[in-house]
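The values are calculated or read from the model by the stated rules, or taken from the named source; none is laboratory data. These numbers were taken from a predicted model, which means no experiment stands behind them. Quick reminder, even Gly has a Cβ in these numbers, built from the backbone with ideal geometry, and neighbours come from all protein chains shown.
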Amino acid sequence: MRGLVKAGAATPQKRVQFDRPLTPWLFLAPQLAVVVIFFYWPSVQAVVSSFYIEDPFGFGSTFVGMENYTNALTDTRYQATAAFTAFFCVVVTALSLGIGLLLAVKADKVIRGAGPYKTVLISVYAIAPPVAGLIGMMIFDQHIGPMTALFGFFGRDLQVGVNYWDTTIAVTTISVWKQIPYNFIFFLSGLQTVPVSVREAALIDARSGWRRFRDIVLPLLAPTAFFLLIINITYAMFDTFAIFDVVVKDKPANNPMTLVYKVYLDGFKGNDIGGSSAQSVILMLVVAALTVVQFRFLERRVHYG
Amino acid sequence: MFKTTTLALGSMLTATTAMAATDISWWHGMGGRNGEVINEISQQFNDAQDQCNLTPISRGTYEEALSSGIAAFRSGEQPNILQVFDAGAATIISADGATIAAEDLILDAGEEFDRENFIPGVRGFYADSDGKFIGMPFNSSAPIMYYNTKAFEEAGVEPPKTWEEFEEIAPALKEAGYLPMTASQLTWMMVENFKSRNNQQFATNNNGYDAIEGTEIIVTDENQVMMFEKLKEWADADLFGFYGAGWADNLRPFEEGESAMWIGSSGSFGGLQQSMSDDFSAVFMPYWDSIEGAGTQSFIGGAALFAMAGHPEEENTCTAQFFTFLTSPEVQVYYHKNTGYVPVTEAAYQMAKDEGYYDEQPVAEVGIQQLQLEGGEWTSGYRLGFYPQIRTVMEREFNRIFSDEVEVGEAFEIIETEGNKLLERFGRTASN
């Protein structure tokens, strides 16, 4: 341990000091290399090409200033996609957090057969998003889907792939279904860390199970919930990509889509590199803003025990 | 047994090391049976000579093949041959320097080439405005109308030649318990080939062939709007079924014997033989008797092969040899029979005829016959930039039409406006 010097006892936190200035950089290098190569370098490239109109094969490009940005932001289709993305994030996050929490609370109370019960709930998490999309698509298929038959039974002619809102129902259902197990695992382990003594003390104070849950368990779950909130929003914005791709079968038509799917569509299928780069820069800024808001305003209310 | 295997293995090893064949690569966007046939053809080429070794690689769908070809070109890793579909033609042909014109490539390699050997419907689409072949037509198809023979017998009617006839017979099919018609990919069927079958202008600047800049699409004319008003009317009267932009969703009712007619690709023939339980046949895609000069040939669909620039001469020679091999009658007929795509040369068509193939499989001839109908001023093709995106705009508006969100006329106004915006943008990317 020649390179390390123990920090003085005066500082309460753990702190390690290096006697050579280069040593910490050496340790950081692999991680930094990964971040620079796979994150900063592409980001810089995206920012640069967002100011150009470029021919697909890269023979030439024209500087157009902010045109790609104003094009995107003033385009009503882009605005509609942004609005849908916001709506989709809220609905998917709320439903998958809510149902995940409900199932976790109930599973926490199960005593007999808890193992198989939890396994069944968690197993869905092992399904990859494209596979989830495929399974979902079979359920929602216009010709043979049982869900289409179910809606038909109630007099609703479900047309996933044709009708905007019908596709929304399908994509939302599949995305929520896929995410519930993840939330379930975290909530369940969160619930199991609530000390028995606290629960017993609460039992004396309040007979209502709902009140005990609201006043004692929920605040203690807040750090988990906050973590899951961020993860779920990211999931709804980005990881649902494969589900959309499978559901709209490569043909977006009039179906709803998220902003990241539109970036892919315009850039990779439309070969409009400038326009697509501008959209991805906008998306980066939105995510950055969202993260700041979450940590600034929400995290203050979270109490880490 | 062991001895012979070792011997064979040994001779194979010496063979490969001794030859040092030139390797060339071919990226394509075909899957399923069609992808297998590509591998078979490549193997046949490799077996037929020993200077070149061709490796075909599947790159997903047509669109994905084009995108990955472009990305590879930008990083200098492009394949020798890239398959590009009809809608991507303008993107690759406008990129001067990305490809070597097929015609030049073949002539430079000392091979023979004659445009007149190709069937007329194939000549123009992947050529420049002087008629020089930029891409080598490969898997060519035409949209044709398949029909369920049993359904027509039950209804006691004949398959329609024109849309007027369709309107007459469709109620009888409905009466007999069938959904009269479905169609896949309305962009290809009801816009692009509506234009060609009815000899209608699709874009300014000679359908886009003469110049990139200033080219605008023409889709708000009364005939185009009328076609979709009719489709909507038929859909409302349960004479036509629309199941979104997905190809298979619109095909399935036909495969399951629910719909009596389906407009699809002549290249769907191979697949339909396996998936259809009922007997089926096919006729030309209908046209409007009421439009003057209608009934002309359709645009060639499918895809062509492009020789990518930036490869050493010996590789280009191999590519040229492969193009010659590919257009030989034997290979064309083999491909035609195994996939349902039409032969691209007159000689190959004649050979299939002489072999009596069409007596056994009359459906296989419908596509090529439709491509050989009389041509018109507007039937040789279109050259429109960012066209895959324009198709996306159309698909969006068509969904809206059939879910009652927009009137037909208004939808086509939107398509024209957004389409022209994309064309203008393409003009700016290509002109520098």
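Surrounded by fewer than 19 Cβ atoms within 10 Å (Cβ to Cβ), small (Gly, Ala, Ser) and assigned to a helix (DSSP H, G or I) - does that describe any residue in segment B:58-66? It would help to see each step written out before you state the result.
Filtering segment B:58-66 down to residues surrounded by fewer than 19 Cβ atoms within 10 Å (Cβ to Cβ) leaves B:58, B:60-61, B:64.
This time we only want the ones that are small (Gly, Ala, Ser), so: B:58, B:60.
Now restrict to residues that are assigned to a helix (DSSP H, G or I): none.
For segment B:58-66, residues surrounded by fewer than 19 Cβ atoms within 10 Å (Cβ to Cβ), small (Gly, Ala, Ser) and assigned to a helix (DSSP H, G or I): absent.
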Query raised in the report: Mind checking which pairs have a first residue in segment B:352-373 that is outside the structural domain of B:Tyr147 (by TED's automatic domain parsing) and a second that is charged (D, E, K, R), Cβ under 7 Å, 6 or more apart or different chains?
Result: B:Tyr357/B:Lys337; B:Tyr358/B:Glu365
Report summary line: A:Thr168 meets each of (1) within 14 Å of chain B (Cβ to nearest Cβ); (2) surrounded by 20 or more Cβ atoms within 10 Å (Cβ to Cβ); (3) not charged (D, E, K, R) with one exception, condition (2)
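Considering A:Ala253, A:Ala225, A:Ala202, A:Ala242, which residue is in contact with a Pro (Cβ under 7 Å, 6 or more places away or on another chain) and among the small types (Gly, Ala, Ser)? Reasoning before the result, please.
On the way: A:Ala253 fails: in contact with a Pro (Cβ under 7 Å, 6 or more places away or on another chain); A:Ala225 fails: in contact with a Pro (Cβ under 7 Å, 6 or more places away or on another chain); A:Ala202 fails: in contact with a Pro (Cβ under 7 Å, 6 or more places away or on another chain).
Answer to the check: A:Ala242.
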Query raised in the report: From the list A:Ser123, A:Ser96, which residue is surrounded by fewer than 13 Cβ atoms within 10 Å (Cβ to Cβ), of a type outside the set (A, V, I, L, M) and within 16 Å of A:Phe186 (Cα to Cα)?
Result: A:Ser123
Requested in this report: Report, by residue number, each residue of segment B:116-145 that is at pLDDT below 90, touching a strand residue (DSSP E or B) at 6+ places or on another chain (Cβ under 9 Å) and in a helix (DSSP H, G or I).
Outcome: B:Gly121, B:Val122, B:Arg123
Requested in this report: Answer yes if at least one residue in segment B:18-25 is in contact with a strand residue (DSSP E or B) (Cβ under 6 Å, 6 or more places away or on another chain), modelled with pLDDT of 90 or more, closer than 30 Å to B:Gln274 by Cα and not β-branched (Val, Ile, Thr), and no otherwise.
Outcome: no
Query raised in the report: touching a residue at least 60 places away in the same chain (Cβ under 8 Å) and surrounded by fewer than 24 Cβ atoms within 10 Å (Cβ to Cβ): does that describe B:Ala294?
Result: yes
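Between A:Ser50, A:Ser61, which is within 13 Å of chain B (Cβ to nearest Cβ), on the phi < 0 side of the Ramachandran plot and not charged (D, E, K, R)? Even if it seems obvious, please write down each step before you answer.
Numbers: A:Ser50 fails: within 13 Å of chain B (Cβ to nearest Cβ).
That would be A:Ser61, the only listed residue that is within 13 Å of chain B (Cβ to nearest Cβ), on the phi < 0 side of the Ramachandran plot and not charged (D, E, K, R).
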Report task. Mind counting the residues in segment B:390-405 that are more than 8 Å from chain A (Cβ to nearest Cβ) and farther than 19 Å from B:Ala237 by Cβ? Result -> 4
Report task. Hey, can you tell me all the residues within segment A:152-207 that are within 26 Å of the chain's Cα centre (by Cα), outside any helix (DSSP H, G or I) and among the small types (Gly, Ala, Ser)? Result -> A:Gly161
Query - Residue list for segment A:126-143, restricted to those being exposed (fewer than 13 other Cβ atoms within 10 Å of the Cβ) and more than 14 Å from chain B (Cβ to nearest Cβ) - result: A:Ala126, A:Ala128
Report summary line: Picked from segment B:409-422 (must be at pLDDT 95 or above and buried (at least 21 other Cβ atoms within 10 Å of the Cβ)), the residue farthest from the other protein chains (Cβ to nearest Cβ) is B:Phe412
Query raised in the report: Could you give every pair whose Cβ atoms fall below 6 Å, whose first residue belongs to segment B:152-168 and is in a loop (DSSP other than H, G, I, E, B), and whose second residue is surrounded by 13 or more Cβ atoms within 10 Å (Cβ to Cβ), counting only separations of at least 6 or pairs across chains?
Result: B:Val157/B:Ile169; B:Val157/B:Ala172; B:Pro159/B:Tyr147; B:Pro159/B:Val283; B:Pro160/B:Phe166; B:Pro160/B:Ile169; B:Pro160/B:Pro286
Query raised in the report: List the pairs whose first member sits in segment B:377-395 and is over 22 Å from A:Lys269 (Cα atoms), whose second member is among the hydroxyl-bearing types (Ser, Thr, Tyr) and surrounded by fewer than 23 Cβ atoms within 10 Å (Cβ to Cβ), and whose Cβ atoms are under 7 Å apart, counting only residues at least 6 apart or on separate chains?
Result: B:Thr379/B:Thr296
Report summary line: The condition of being touching a Gly at 6+ places or on another chain (Cβ under 8 Å) and modelled with pLDDT of 90 or more holds, among B:Val393, B:Val331, B:Val363, only for B:Val393
Query raised in the report: Is it fair to say A:Ala278 is within 16 Å of A:Ala46 (Cβ to Cβ) and either within 14 Å of chain B (Cβ to nearest Cβ) or at pLDDT 90 or above (or both)?
Result: yes
